[in-house]
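Written below as structure tokens is the structure these notes are about.
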Amino acid sequence: MTRIGVLALQGDVREHLETLQAVGADAIPVRTKGELASVDGLVIPGGESTVISKLAKTFEIFDAVANRIAAGMPTFGTCAGLIMLAKDILDSASGQASFGGLDVSVRRNAFGHQVDSFETDLAFAGVDGLVHAAFIRAPIVERIGEGVEVLASLPNGRVVGVRQGNVVGISFHPEITGEKRIHEYFLGIVESSVG
Ligand code: GLN
């Protein structure tokens with residue numbers, strides 16, 4: 001069974017673990033370097049990127065995660081997780097750092113305040129039919145580097161899903177709406193990376 005970790009410092013960890021289990025992965029929470037070393041892929045959940053960034057340093061796992069991503073570990077970030085994977089963060093908090101992995105610039109809280117959260121259905125490259133997407137104080141991808149593929153956009157053209165190599169980042173939360181097909185898509189990436 002393919003083992004996928006969920007970075008379990010803050011955010012909607014349980015929802016990701018449940019969705020990964022539902023699509024057939026062996027899903028475990030990751031808080032230590034030892035746990036990180038045992039997984040074939042990693043999910044970085046939604047939550048608050050400033051807190052995830054700080055706690056990753058406090059738990060002394062920040063560099064280990066960044067190094068594994070740089071070495072090609074399949075990684076999937078939702079919302080705050082997308083921010084943690086972006087090379088450049090616009091409107092970042094002071095001292096906020098990202099793991100990298102996606103050569104994109106991401107703007108935090110790009111839709112305004114919590115009340116501006118919304119749900120919609122979107123086309124998603126690699127998934128048949130429309131996916132149900134919940135946006136909660138969501139980031140937007142404002143710059144796309146070379147080698148970055150757009151997986152999903154809003155009707156106004158704003159980019160909300162990207163992939164570069166084995167790294168996938170999306171602005172929304174499939175894990176809280178029962179949408180399982182993007183986790184299935186990510187499991188496919190992890191399975192082909194382990195051969
Ligand atoms: N606004 C949050 C941040 O900057 C992300 C929100 C979310 O993950 N739902 O990290």
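Each value in this text was obtained by applying a stated rule to the coordinates, not by laboratory testing. These figures come from a predicted structure and were not determined experimentally. With ideal geometry, Cβ positions are generated from the backbone for all residues, glycine too; neighbour counts draw on all protein chains shown.
Starting from the Cα of Lys57, move 7 Å in the Cα-to-Cβ direction to define the label point; list residues of region 70-112 whose amide nitrogen is under 12 Å from there.
Those under the cut-off are 93-98.
What number, in percent, do you get for the relative contact order of region 38-195 if the mean sequence gap of Cα pairs under 8 Å and at least 6 apart is divided by its residue count? Kindly include the intermediate steps, with their values, before the conclusion.
On the way: 337 pairs, mean separation 35.6, N = 158.
With pairs under 8 Å counted, the relative contact order is 23 percent.
Past 26 Å, Cα to Cα: identify those pairs from Lys33/Lys54; Lys54/Lys87; Lys33/Lys180, in the order given. Kindly include the intermediate steps, with their values, before the conclusion.
On the way: Lys33/Lys54 16 Å; Lys54/Lys87 17 Å; Lys33/Lys180 28 Å.
Violating the 26 Å limit, Cα to Cα: Lys33/Lys180.
When every alpha-carbon pair in region 1-104 is counted, what percent end up more than 19 Å apart? Don't jump to the answer; show the numbers that get you there.
Values: 1861 of 5356 pairs.
Every Cα pair in region 1-104 considered, those over 19 Å come to 35 percent.
Take peptides 54-63, 181-190, 22-31 and line them up by average Cβ neighbours within 10 Å, highest first, as a rough protection proxy. Kindly include the intermediate steps, with their values, before the conclusion.
Numbers: 54-63: 16.0, 181-190: 20.7, 22-31: 18.3.
Order by mean packing, descending: 181-190, 22-31, 54-63.
So if I average 1/r over every pair of distinct C-alpha atoms in the chain and take the inverse, what Kirkwood radius in Å does that give? Write out the running numbers ahead of the final one.
Working: mean 1/r = 0.0619 Å⁻¹.
Computed over the chain, the radius equals 16.2 Å.
May I ask you to list the residues of region 92-128 whose amide nitrogen lies under 18 Å from a point 7 Å from Cα along the Cα→beta-carbon direction of Arg181?
Residues passing the 18 Å test: 119-128.
Under 5 Å between amide hydrogens, which residues at least 5 positions from Ala110 or on another chain qualify, with H placed 1.01 Å from N in the peptide plane?
Amide H to amide H, under 5 Å and 5 or more residues apart or across chains, Ala110 pairs with Ala138, Ile140.
How far apart, in nm, are two points set 7 Å out from the Cα along the Cα-to-Cβ line at Ala71 and at Leu154?
With each label placed 7 Å out from Cα toward Cβ, I get 3.8 nm.
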